[in-house]
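**Q** Pasting a structure below so you can have a look.
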Ligand SMILES: [Zn+2]
């Protein structure tokens, strides 16, 4: 493999430095590095910011079974465009990733795609049915070495099943990632329960449906001495529970999506199903609490919940539309807009919340590492001064259900390197 020299990059937003990549590894970091034997020189002009490649704990790649909305190939291409070098592929596929065979299939497809590392998430229960524990140990021991288990899309609402899962994953240092949604409290729910749902006459989704499950699960995790991760926190109350659990020293982590950092339930007044998502968009007060919690570390990381849907599942009336939005290609821009440009996080903080911490939670080796000689060359180079309008027609994802179409967002990924190979260069897939 040939050498690549990145010249004048602001590592984690600091002073410009040169970074020499040799093969799969960062060979040197310094000033005025020689370009001898260098095949490609990337000019960062003292302006672009270099971060460790992003890691997503929560991606729906849809393969196997819903290749009309996304495949491992198109999803990992979208990830690379967004600056990601690793994604965790959620288990709610067809068939469900609840056995060693299916997780190995997804893992193998990821290796063949080559655009980013794919770490399969295993289902907690057979068929996401919530009744019978899946073969967690077999998935952990498989070639995919699953460490994150989730029934995402559904809540593990049975407390006994949740307790058993938390006990079981301790044997292999796993974590249960909970989609916190009390099912009875959200039957037929269409949007956040509040002023707007009352005015629109849509069935509300109360904050307590999320918060009651989180409260139960942090208590269960503490009781059995295990590790729980809370998916897509969306309310100010959820933040308070996680903050309390962490103050007790319990092994609790949490994620927030980019859309919950920016969008509110006021958008539902448009009745545009592009804003229909699970958990639902909440209020301005919730958005501000989530930003504060991400800034102070109560929320560990940003996860996209990239949820591609084909046009026919979204271009319909609100009540019939599928829930979810794509997120991989816009996540970094939304985080820059909501967290960096507001002064809540610096770029080192972004590297921590979008790369280092999710890699640790997922026990993913080789990602989220410092940018230093000897480390794997998993990197993203971004242009923070860039201003552009989101154009879904140009997405690498197979789906287009973004809530940001036509919206101006800051920043652009200029290059992504996966173990020294440029998957994106000059803003384009290679
Ligand atoms: Zn979910």
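Every read-out reported here was derived from the displayed coordinates using simple, explicitly stated rules and does not represent laboratory data. Please read all numbers here as calculations on a predicted model, not as lab measurements. Cβ placement follows ideal geometry from the backbone for every residue including glycine, while neighbour counts extend to all protein chains displayed.
**Q** Tilt of helix 207-224 relative to the longest C-alpha principal axis of the chain, in degrees (0 to 90, nearest 10)?
**A** With both axes taken from Cα atoms, the answer is about 80 degrees.
**Q** If you don't mind, another one. For each of 404, 386, count neighbouring Cβ atoms within 10 Å of the residue's Cβ, then give the residues from fewest to most.
**A** 386, 404
**Q** Once the Cβ-Cβ distance between residue 171 and residue 315 is put in as r, and R0 is 45 Å, what FRET efficiency do you end up with, to the nearest 0.05?
**A** That pair, residue 171 with residue 315, gives E of 0.45.
**Q** Now a separate question. Once the Cα gyration tensor of segment 303-373 is found, what semi-axes does its equivalent ellipsoid get, as square roots of 5 times the eigenvalues, in whole Å, sorted largest first?
**A** Square roots of five times the eigenvalues give 31, 17, 9 Å.
**Q** A further question follows. List 157, 265 from most exposed to least, where exposure is judged by having the fewest other Cβ atoms within 10 Å.
**A** Ordered from fewest to most neighbouring Cβ atoms within 10 Å, 157, 265 come out as 157, 265.
**Q** Using only Cα atoms, tell me the angle between helix 284-296 and the longest principal axis of the chain; keep it within 0 to 90° and round to the nearest 10.
**A** Once rounded, the angle reads 50 degrees.
**Q** In nm, to one decimal, how far is the residue 40 label point from the residue 292 one, both placed 7 Å along Cα→Cβ?
**A** Using points 7 Å along Cα→Cβ, the separation is 4.4 nm.
**Q** So how tilted is helix 236-247 from the main axis of the chain? Cα-based, degrees 0 to 90, rounded to 10.
**A** With rounding to tens, the tilt is 70 degrees.
**Q** Rounded to the nearest 0.05, what FRET efficiency do residue 363 and residue 187 have when you use their Cβ-Cβ distance and R0 = 30 Å?
**A** Step by step, r from the Cβ atoms, then E = 0.25.
**Q** By the gyration tensor of its Cα atoms, with a ≥ b ≥ c the square roots of the eigenvalues, what is the shape of segment 54-361: rounded for a/c under 1.5, prolate for a/b over b/c, or oblate?
**A** Judged from the Cα gyration tensor, segment 54-361 comes out rounded (a/c under 1.5).
**Q** Evaluate the distance, in nm, between pseudo-label points positioned 7 Å from the Cα of residue 24 and of residue 372 along their respective Cα→Cβ axes.
**A** According to this spin-label approximation, the distance is 2.1 nm.
**Q** Can you give the log10 of the normalised intensity I(q)/I(0) at q = 0.13 Å⁻¹, computed with Debye over equal Cα scatterers of segment 130-187?
**A** Cα-only, vacuum Debye calculation for segment 130-187: -0.33.
**Q** Using Cβ counts within 10 Å as a stand-in for footprinting exposure, how do 224, 160 rank, fewest first?
**A** Going from least to most buried by this count: 160, 224.
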